[in-house]
Amino acid sequence: MLLAANIALSIAMFAVFALSIGGLYLWRKRGDTQRGLLMLAAAIVILANVLIWTVPNPI
């Protein structure tokens with residue numbers, strides 16, 4: 001289970017980087033503001049999920 005969770009978090013971080021780069025590209029270079037900002041918002045949501053899963057649980 002731990003290995004699968006680590007792989008899922010790694011894939012999620014790759015998605016954050018890809019969505020951030022793609023969103024900035026769409027927003028700045030192509031002028032497609034709505035799609036670019038939606039991609040950046042998706043990256044922020046995925047990043048927040050990764051941070052929630054990696055914070056240690058105080059017992």
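The values are calculated or read from the model by the stated rules, or taken from the named source; none is laboratory data. In this text, all values refer to a predicted model and were calculated from it rather than measured experimentally. Cβ coordinates were reconstructed from backbone atoms using ideal geometry, including for glycine residues, and neighbour counts include every protein chain displayed. We work out accessible area using only protein heavy atoms, side chains counted, and drop any ligands, DNA or RNA first. Shrake-Rupley method; radii C 1.70, N 1.55, O 1.52, S 1.80 Å.
Regarding residue 26, is this residue surrounded by 12 or more Cβ atoms within 10 Å (Cβ to Cβ) and either in contact with a Cys (Cβ under 7 Å, 6 or more places away or on another chain) or in contact (Cβ under 8 Å) with a residue 40 or more places away in the chain (or both)? No; evaluated as a whole, the condition is false for this residue.
Restricted to region 29-59, and to residues there that are closer than 21 Å to residue 13 by Cβ and not in a helix (DSSP H, G or I), the residue that is least open to solvent (accessible area, probe 1.4 Å) is 55. Selection over region 9-59 of residues that are modelled with pLDDT of 95 or more and among the aromatic types (Phe, Trp, Tyr) gives a count of 3.
Taking region 8-22 only, how many residues are of a type in the set (A, V, I, L, M), open to solvent by less than 90 Å² (accessible area, probe 1.4 Å) and either over 9 Å from residue 43 (Cβ atoms) or touching a residue at least 60 places away in the same chain (Cβ under 8 Å) (or both)?
Number satisfying all stated conditions: 4.
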